[in-house]
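Remarks on the structure that follows.
No lab work stands behind these numbers, since they all come straight from the coordinates. Here the structure is a predicted model, which is why all the values come from computation and not from measurement. Neighbour counts run over all protein chains shown; Cβ positions are idealised from the backbone, glycine included.
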């Protein structure tokens, strides 16, 4: 099988490429140039956009003994990921750019080009497992290493993409991957993992957005208001710098009426208002999401009513490294029009600090059912919160 190995310059993708080659596949390595000027995004060997990463990927390909090329996808990356990131924050949303990159770049633009060039699959260093189900469909499952599991950010992949994907590391804990890299003579064996958004320098989202948005920013100042009393507790320099659940960086000029720490509850770009409240007001009991993408058999409403997924093993994950929450999932809309489908999630275990723009990924046991983009949440009422606190 002809395999295109996406090599970021890190240890995971290097070992994934080596394993694919060792399995007998005809492997070609590629590194994605995501910026025409890497310094315009970030520097240092911690992301996917640096010259250092490109050089590390090339050296790994040489050690493995496979051809290596650099593909310039900077225009696609900027349009599909960076612009989406800026537009979302300007609208008061909290996007996940890694998920968008997987959906629109690595497993769309790259896979489309790979298939056009005669490749059979794209291999990456993601920690996830592919299995064939009894119905013949390819299933996406959590990885063996729970601490490194990346099935959440792959929950946007559909059946046509999963059939042309390889995740060689899914059955291996990360420490063993590093040991294997060292045995193979790969110089990236001890390279640190990347943690921040690859195109944001130093992880300073607010500073990066302030510089890049310019006149596109919905506002440059406004009040930070206590949600319960309406009292102004401070001022901000742009609603785009905040996300729901945030506590750090509020710089409140006066204490809250009840003396409790304040967290961001709501962001209103049009009025320029940031609303804050105590931690307990962040508890969410239900959410609504749109644009569902199903990994295998889709959940579709029928003329008889919504599609329902429930049971002891049904959970949702709401952040890339967040906890699982038991849930009941319903899909409503016109059975004949998939674009009208809406995902409604009843959380059987409350979640905290969930923001519109984030992805909800649905699981049945370890299997990824699909994902959708959160549009709204329903918070636990103050009465319910007080009742639970006193229980």
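The simple Förster model, with R0 at 51 Å and r as the Cβ-Cβ distance, assigns residue 211 and residue 135 a FRET efficiency of 0.55.
Which order results if 71, 294 are arranged by neighbouring Cβ count within 10 Å, fewest first?
Least crowded to most crowded, the residues run 71, 294.
With the highest mean first, a sort of the peptides 4-13, 248-257, 115-124, 281-290 on other beta-carbon atoms found within 10 angstrom per residue produces 4-13, 281-290, 115-124, 248-257. Taking 0.36 nm per residue of separation and subtracting the Cα-Cα distance, full extension of the segment from residue 376 to residue 334 would add 13.1 nm.
Taken along the Cα-to-beta-carbon direction at a fixed 7 Å, the label points for residue 69 and residue 303 span 5.1 nm.
Protection proxy ranking for 362-373, 295-306, using the average of other Cβ atoms within 10 Å per residue and placing the highest first: 362-373, 295-306. Spin-label pair residue 62-residue 237: with each label point 7 Å from Cα along the Cα-Cβ axis, the two points sit 4.4 nm from one another. Where only DSSP H runs of four or more residues are counted, the chain gives -5500 deg cm²/dmol as its mean residue ellipticity at 222 nm, each run worth -39500 (n - 2.57). Once you reduce segment 138-161 and segment 281-314 to the center of their Cα atoms, the two points are 18 Å from each other. Taking 180, 349, 134 in turn, the Gaussian network model of the chain (Cα-Cα springs below 10 Å) assigns the largest fluctuation to 134. With springs only between Cα atoms under 10 Å apart, run a GNM on the chain and tell me which of 165, 271, 151 wobbles the most. Maximum fluctuation in the GNM of the chain, among the listed residues, is at 271. Per-residue Cβ neighbour counts within 10 Å put 148, 260, 174 in the sequence 260, 174, 148, beginning with the fewest. In this entry, the chain is assigned a mean projected area of 21.3 nm², taken as a quarter of its C-alpha convex hull surface.
Once you reduce segment 325-374 and segment 217-279 to the center of their Cα atoms, the two points are 28 Å from each other.
As a rough guide to protection, the peptides 18-31, 181-194 ranked by mean Cβ packing within 10 Å, highest first, stand as 18-31, 181-194.
Anisotropy class assigned to segment 2-203 is rounded, per the alpha carbon gyration tensor with a/c under the 1.5 cut-off.
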